[in-house]
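A short worksheet on the structure shown next.
The values are calculated or read from the model by the stated rules, or taken from the named source; none is laboratory data. Quick caveat: nothing in here was measured; it's all calculated off a predicted structure. Neighbour counts run over all protein chains shown; Cβ positions are idealised from the backbone, glycine included. What goes into the accessible areas is simple: the full protein's heavy atoms, side chains included, and nothing from ligands, DNA or RNA. Shrake-Rupley method; radii C 1.70, N 1.55, O 1.52, S 1.80 Å.
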Amino acid sequence: MSSDDATDVGDLMQHWSMTADRFLTHAARWHGRRDVVTREVDGSISRSNFAAIERRARLLSAALLAHGVRRGDRVATLAMNTARHVEAWFGIIGIGAVCHTLNPRLFEEQLAYIANHARDRWLLADPQFAPLVAKLRAQVPSLERVVYLCGPEARPSGDPDYETLIAGHGTEVRWGDFDEHLPAALCYTSGTTGHPKGVLYSHRSQVLHTLMGLSAEVFALTAADTALLAVPMFHANAWGLPFAVAAAGARTVLPGPKLDPASLYELLESERVTFSGAVPTVWQLMIEYLRANRLRLTTLKRVLIGGSACPEALMRALADEQGVEVVHAWGMTELSPIGTISWRPTPEVAAQGPEVRLAYNLKQGRVPFGVDMKITDDEGRRLAEDGVRSGHLKVAGPAVLRRYFGESADALDAEGYFDTGDIGTIDAEGYLQITDRAKDVIKSGGEWISSVEIENLAAGHPKALMAAVIAVPHPKWRERPLLVVKLKPGVEATAEEFLGFLEGKIAGWWMPDAVVFVAEMPLGATGKLDKKRLRVQFPAFPGA
Ligand code: ADP
């Protein structure tokens, strides 16, 4: 056969449309007995498995179809991590409808804006959110039906309950069988600037992102793992974990509404969890709780930490006191969300010993296959990747956003890269380090000061629970850093103690001009520090 013949016949491999429902079909068939454990809204523990979850997700699909839900329709959820919420994800996307995860921690006006923008037709909500749902309903005309994720006994209003809804329509529905480019899920960024923006994930992007996440350098999940999903399913696509656990057939533990350290600890131990993931604040509170109660994590091997930088003190505490490895990851909603990961060192880094290894693990990490990144100056020119020059971080890949939902132009530069709004360096080993968010950066005398670096160091002070550094206007330098500290309960400290602690660790001109102590740090809807509110609280230096 000539080479011409070989090219003429085209693609001889199967056209297996990459739709995300396949993860659950796979889990049901090959890992059907594997437990899915839920802490229900009332605190009780219930047990299901992948086979049952798939069957019930199909019941939901049949019910949605029977009630006229069609491909592309938005079905919203307002729910914590439970088995029913997982069923909802798959039941919705399996028939080509779009699962829109709403974040119950957002303000009512923001939620109404988002639900209207998305034109949500249905809403599946946990019963405890009934008061919020009642207010939303009045403001969202597109909303035709509300269903509560519970049985008839727990129904908070006259609206139907999930168990009754799914009971009547059988499981004979066809999943997938459509173009992999169709949308599967919609997630809005929490909008620390301007209105929230929608990121519409396609089936194809979800599948490719999940395969990326399964690699040994990322989640490294297997059927021998038990994974506790502490990152809410409404936050940044739950980091892709609900798909990853199904694909890997990992035992799955869903903590429901209880994300406090005592409740999480109880589940981690009783279910012998090996893997978990959450933002740093969750682990920070966990470490405090473990210390105060002299407790040990006896089965947990690694935790995925992302959403904001993992402080050094936290990484060391988890490793040294609890023997837990930190998989430090950087990502964002627009990336589905995996961007970089700094867990497994390259051989060149590993050869330099444990302290250097830790220093690299504290960086945001290297890209897995499926993500490319670059840093540029203000004019979009690529900068040297020397670990020193910092610039605008831009990314590309099949699970990276091209255009926000409802907008008319692509959000990409001339080379097809998306500007993350983060500022960082890339070093000779290929590790990204985030030094700031473009909107949080402190520009003193024309030079950038990394708020992130100072706050990470300050958070390592033995008396500190949390630290934040914000820019405050300054007559001479335009902006100067202010350090805001929340102390551990019952301790007192002075500004001098903190400034002395920073001395020698940062350049003299990075030294904060003042330190203030606060009783509470403002947290955003995903548990991250809300610097916008801090800037409102401290528009000037104290006493100025
Ligand atoms: P939001 O903007 O609503 O917080 P995301 O949850 O998508 O939305 O947050 C993405 C942002 O979080 C990133 O752009 C980055 O600034 C920050 N971030 C995420 N992971 C890390 C990390 N490991 N280190 C530092 N910053 C991080």
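Take the conditions free of Cβ contacts under 8 Å to residues at least 40 places away in the same chain and more than 15 Å from the ligand (Cβ to nearest atom) and apply them to residue 370. Does it pass?
The answer is no for residue 370.
Has the stretch 410-419 got any residue that is assigned to a loop (DSSP other than H, G, I, E, B), in the same structural domain as residue 530 (by TED's automatic domain parsing) and within 16 Å of the ligand (Cβ to nearest atom)?
Looking for residues that are assigned to a loop (DSSP other than H, G, I, E, B), in the same structural domain as residue 530 (by TED's automatic domain parsing) and within 16 Å of the ligand (Cβ to nearest atom), one finds none in the stretch 410-419, hence no.
I'd like the full set of residues that are under 20 Å from residue 56 (Cα atoms) and open to solvent by 50 Å² or more (accessible area, probe 1.4 Å), limited to the stretch 146-162.
If the condition is that a residue be under 20 Å from residue 56 (Cα atoms) and open to solvent by 50 Å² or more (accessible area, probe 1.4 Å), then 152, 153, 155 are the ones that fit.
Determine whether the stretch 336-347 contains at least one residue that is more than 16 Å from the ligand (Cβ to nearest atom) and in a helix (DSSP H, G or I).
yes
Among the residues of the stretch 163-177 satisfying the criterion of being part of a loop (DSSP other than H, G, I, E, B) and small (Gly, Ala, Ser), which is farthest from residue 59 (Cα to Cα)?
In this case the residue turns out to be 176.
Just name the residue that is nearest to the ligand (Cβ to nearest atom) out of those in the stretch 420-442 that are among the aliphatic types (A, V, I, L, M) and not in a strand (DSSP E or B).
By that ranking, first place goes to 438.
With respect to residue 172, determine if the residue is buried (at least 18 other Cβ atoms within 10 Å of the Cβ) and either within 26 Å of residue 397 (Cβ to Cβ) or away from the ligand (no atom under 16 Å from the Cβ) (or both).
no
Name the one entry in 286, 233 that is open to solvent by less than 20 Å² (accessible area, probe 1.4 Å), part of a helix (DSSP H, G or I), modelled with pLDDT of 95 or more and not aromatic (Phe, Trp, Tyr).
From the options 286, 233, the qualifying one is 286.
Can you tell which of 477, 448 is within 16 Å of the ligand (Cβ to nearest atom), among the hydrophobic types (A, V, I, L, M, F, W, C) and open to solvent by 60 Å² or more (accessible area, probe 1.4 Å)?
Selected residue: 448, the only one of 477, 448 that is within 16 Å of the ligand (Cβ to nearest atom), among the hydrophobic types (A, V, I, L, M, F, W, C) and open to solvent by 60 Å² or more (accessible area, probe 1.4 Å).
Kindly evaluate residue 248 against the criterion of being within 16 Å of the ligand (Cβ to nearest atom) and of a type in the set (A, V, I, L, M, F, W, C).
When the stated conditions are applied, residue 248 does not pass them.
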